[in-house]
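What follows is a set of notes on a single structure, which appears directly below.
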Amino acid sequence: MGALNCSIPLHPTYLAWLRARVLSFYFASMISFVDIEEARERIREQIYLSPFPHSETISQMTGNRIFFKLENLQITGSFKERGALNRLLMLTAAEARKGVIAASAGNHGMAVAYHSRRLHLNAKIVMPISAPLIKVTRVRQYGAETLLHGNDYDAAYAEAVRLSRASGPCFISAFDDPWVVAGQGTIGIELYEQNPDLDVAVVPVGGGGLIAGVALALKTLLPKIRIVGVQAEAVPSMKVALERGAPAQLDPATTIADGIAVRAVGALPFELVQRYVDEIVTVNEREIANAVLLLLEIEKTVAEGAAAVPMAALVNKKISGAGKNVGLIVSGGNIDMNLISRIIETGLVQDGRLSRFAIVISDRPGSLARLAQRVADLGANILQITHSRGFGQMAIGETEVELILETAGPEHIERIYSALTADKFKIKSAG
């Protein structure tokens, strides 16, 4: 690959599609498997070789042999280090003196900030106002100047491009750059070396840099492998681009998979995805949240929403086939603890392991104790209790009690409901 002009970021917002398409063909002809091999040698000693373990439990659940590539174990918590480091190492001396600037929802910014500090480069990261606090904090801890701008990645991107053009630092794209794509593609080589019998690779898709590099590497090493990309249903930018034959700017949308909430995919990744990726599927917010919970509970793996989409696609049967060796890339683990707390609570409710009963009882001594004892007899644990007299439509002498219960599942909830009803407790709502 030849040198890139840092002042021309490839993005449909700023370049006419025709121009971007011409440039992307040029770049696509430049990036090859050799570039990925060279990237691997360049970053090998500075990037963690993440494990690729087999999951017996998820394999039994899905009827396939499942393996997880744990990129959430990288120093900054995501795969983004690979592409960012490879790009930084290719800066000219003049570019390095000017410093770098990047737009990021979090992970790319952390990667650029961390490795810029190691390489003694000045770095500025533009992040959306909605970026998770943990990611903003980590970028600052890694020594980069941080600017919060706009409501989503695309607004942050626009501001980073403007600042790059105005003041001269080299713009480091999160995905639309051949050096970045080559760096991400090193995961594909590792997947092959760690398990050369893979039949399917399932990859999260945002701007497309990860799946573009991985697909190029794996299709070179394993031509018959099936590559499946997964996007959040709320922001299916690559799926729409493939349907239309060109990247398109989607409307803003909110998703817990903030790391892949990119409204327009990169021109270069799009061309590579067209050539090497077999299918793009989408998953909804409930499926993503449940996948985060499953990875945490079963695999003891912390995955952010974007990293959980391959798992969501797998367990919700968005990926066909059985008896296959399937590799899932867990792309990052930088999730806000408040969000993960809400995901856990929501998941427990959905599984019937957390339930709520609103019950009207007599406002007399012993009535509440009798209810609590009956609930205990039925094997449920009271986690929270709320007592209300003045609100609702109770008769004088009655009170409403709301119980939050730890239960064993939907059948247990139904059994509690039936027993309390039989005992003449007036249940206003349950579930």
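Filter the stretch 326-343 for residues that are in a loop (DSSP other than H, G, I, E, B) and touching a Leu at 6+ places or on another chain (Cβ under 7 Å); which is most open to solvent (accessible area, probe 1.4 Å)?
ASP336
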Take the residues in the stretch 74-108 that are of a type in the set (A, V, I, L, M, F, W, C), farther than 20 Å from GLU41 by Cα and outside any strand (DSSP E or B); name whichever of them is nearest to the chain's Cα centre (by Cα).
ALA105
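What do you reckon, is SER173 hydroxyl-bearing (Ser, Thr, Tyr), part of a loop (DSSP other than H, G, I, E, B), in contact (Cβ under 8 Å) with a residue 60 or more places away in the chain and within 19 Å of MET90 (Cα to Cα)?
Values: hydroxyl-bearing (Ser, Thr, Tyr): yes; part of a loop (DSSP other than H, G, I, E, B): yes; in contact (Cβ under 8 Å) with a residue 60 or more places away in the chain: yes; within 19 Å of MET90 (Cα to Cα): yes.
Yes: the conditions hold for SER173.
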Odd one out for ARG118 among (1) open to solvent by less than 10 Å² (accessible area, probe 1.4 Å); (2) of a type in the set (D, E, K, R); (3) at pLDDT 95 or above:
(1)
Please go through the stretch 373-431 and give me each residue that is among the basic types (Lys, Arg) and either closer than 22 Å to ILE344 by Cβ or not in a helix (DSSP H, G or I) (or both), ordered by number.
ARG389, LYS424, LYS426, LYS428
Any residue in the stretch 372-388 that's over 14 Å from ARG356 (Cα atoms): show its pairings with residues that are of a type in the set (Gly, Ala, Ser) at Cβ separation under 8 Å, as long as the two are six or more apart or on different chains.
ARG374/ALA419; LEU378/ALA419; GLY379/ALA408
From the list ALA369, ALA322, which one is more than 22 Å from the chain's Cα centre (by Cα) and without any contact (Cβ under 8 Å) to a residue 40 or more places away in the chain?
ALA369
Within the stretch 26-35, can one find any residue that is open to solvent by 80 Å² or more (accessible area, probe 1.4 Å) and modelled with pLDDT under 95?
yes
Residues of the stretch 194-237 being touching a Gly at 6+ places or on another chain (Cβ under 6 Å), crowded, with 24+ Cβ neighbours inside 10 Å and hydrophobic (A, V, I, L, M, F, W, C), which ones?
ALA201, VAL203, VAL205, ILE211, VAL214, LEU216, ALA217, LEU218
Filter the stretch 165-195 down to the residues that are hydroxyl-bearing (Ser, Thr, Tyr) and more than 19 Å from LYS80 (Cβ to Cβ) and list them by number.
SER167, TYR192
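Based on this model, can you work out whether ALA131 counts as within 16 Å of TYR153 (Cα to Cα) and in a loop (DSSP other than H, G, I, E, B)?
Working: within 16 Å of TYR153 (Cα to Cα): yes; in a loop (DSSP other than H, G, I, E, B): yes.
Considered against the rule, which asks whether it is within 16 Å of TYR153 (Cα to Cα) and in a loop (DSSP other than H, G, I, E, B), ALA131 comes out as yes.
Report the residue count in the stretch 134-150 for those that are at negative phi and assigned to a loop (DSSP other than H, G, I, E, B).
Kept after step one, since they are at negative phi, are these residues of the stretch 134-150: 134-142, 144-149.
Subsequent filtering for residues that are assigned to a loop (DSSP other than H, G, I, E, B) retains 142, 144, 149.
Of the residues in the stretch 134-150, 3 are at negative phi and assigned to a loop (DSSP other than H, G, I, E, B).
Evaluate the stretch 306-318: report whether one residue or more is aliphatic (A, V, I, L, M) and either touching a Cys at 6+ places or on another chain (Cβ under 9 Å) or open to solvent by 10 Å² or more (accessible area, probe 1.4 Å) (or both).
Keep residues of the stretch 306-318 that are aliphatic (A, V, I, L, M), which gives 306-309, 311-315.
Applying the additional criterion that residues be either touching a Cys at 6+ places or on another chain (Cβ under 9 Å) or open to solvent by 10 Å² or more (accessible area, probe 1.4 Å) (or both) yields 314-315.
Yes.
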Looking for something buried (at least 16 other Cβ atoms within 10 Å of the Cβ), closer than 20 Å to LEU210 by Cβ and not small (Gly, Ala, Ser) - is there at least one such residue anywhere in the stretch 360-368?
no
Any chance LEU91 is open to solvent by 40 Å² or more (accessible area, probe 1.4 Å) and either closer than 28 Å to ALA313 by Cβ or not aromatic (Phe, Trp, Tyr) (or both)
no
Return the residue satisfying two criteria in turn: it lies in the stretch 101-115 and is touching a Gly at 6+ places or on another chain (Cβ under 8 Å) and without any contact (Cβ under 8 Å) to a residue 40 or more places away in the chain, and of such residues it is surrounded by the most Cβ atoms within 10 Å (Cβ to Cβ).
ALA111
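For the structure I just gave you, tell me whether VAL292 is out of contact with any helix residue (DSSP H, G or I) (no Cβ under 9 Å at 6 or more places or on another chain), crowded, with 19+ Cβ neighbours inside 10 Å and either modelled with pLDDT under 95 or among the β-branched types (Val, Ile, Thr) (or both).
Working: out of contact with any helix residue (DSSP H, G or I) (no Cβ under 9 Å at 6 or more places or on another chain): no; crowded, with 19+ Cβ neighbours inside 10 Å: yes; either modelled with pLDDT under 95 or among the β-branched types (Val, Ile, Thr) (or both): yes.
In short, no.
The values are calculated or read from the model by the stated rules, or taken from the named source; none is laboratory data. Predicted model, so just to flag it, every value in this text is computed and none were measured. Cβ: placed from backbone, ideal geometry, glycine included. Neighbour counts: every protein chain shown. Please note that ligands, DNA and RNA were not included when accessible areas were found on the heavy atoms of the full protein model with its side chains. Shrake-Rupley method; radii C 1.70, N 1.55, O 1.52, S 1.80 Å.
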